[in-house]
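Structure, as structure tokens:
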Amino acid sequence: MRGRSEFFSAFQRGWLATLMVFAMSGPVEADKHVPTLASSDSEPEQQVIVNIRARSFEPSTVMLRAGQKTKLVFQNHDVELHAFVPVGLFVGVNLNITGNGAPEFGHDGFKRVIIPSEGRAEIRFVPEQTGVFPFFCDMPGHEMRATIVVQ
Ligand SMILES: [Cu+2]
């Protein structure tokens, strides 16, 4: 197996490092709604806010739980447009998107949402599949990548 690591691109090593760091530090949930016993809402909703600043997604790793109602919020604090382009996360998943972004849908469902400066996109869905799902911004010249981990 000598030299096996050479099969990994720098990109893949970067993701691996991110996940390893993450595994040691525990979940990062920027803003989690904790249901109370008094609530009549039987299904708690997990809410995660991803801030976009200086062409970067914060946090760069988002943890979600499979099978749980989810509100994923993107807030663009930059003076330019950004996009949220998920890879695989929403395959076969129904979602509802609100906010002042411009969502785009194709034959395979949700493709991306473009978020204006100081804008916001809120995506409600239930993650079905566990796994590691990259997402990125596809605006020209933007090197913006991050990861959603569904456990
Ligand atoms: Cu961008």
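The values are calculated or read from the model by the stated rules, or taken from the named source; none is laboratory data. Bear in mind that the values here come from a model prediction, so they are computed numbers and not experimental data. Please note: Cβ atoms are built from the backbone with ideal geometry, for glycine as well, and neighbour counts cover all protein chains shown.
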Pairs only if they're at least six apart or on different chains, beta carbon under 6 angstrom, first in the stretch 78-97 and more than 10 Å from residue 135 (Cβ to Cβ) and among the β-branched types (Val, Ile, Thr), second at pLDDT 95 or above and buried (at least 18 other Cβ atoms within 10 Å of the Cβ); list them, first residue then second.
93/125; 97/123
Would you please name the residue that is farthest from the ligand (Cβ to nearest atom), looking only at residues in the stretch 106-131 that are over 27 Å from residue 79 (Cβ atoms) and hydrophobic (A, V, I, L, M, F, W, C)?
126
Determine whether residue 68 is away from the ligand (no atom under 16 Å from the Cβ) and in contact (Cβ under 8 Å) with a residue 60 or more places away in the chain.
no
Could you tell me whether any residue of the stretch 132-146 is within 14 Å of the ligand (Cβ to nearest atom), in contact with a Cys (Cβ under 9 Å, 6 or more places away or on another chain), under 18 Å from residue 53 (Cβ atoms) and not in a strand (DSSP E or B)?
yes
Can residue 104 be described as assigned to a strand (DSSP E or B), more than 14 Å from the chain's Cα centre (by Cα) and among the charged types (D, E, K, R)?
yes
With a cut-off of at least 1 residues that are modelled with pLDDT under 95, name the strands (runs of 3 or more DSSP E) lying wholly within the stretch 17-74.
45-53
Just for the stretch 75-101: of the residues that are away from the ligand (no atom under 16 Å from the Cβ) and in a loop (DSSP other than H, G, I, E, B), which one is farthest from residue 52 (Cα to Cα)?
92
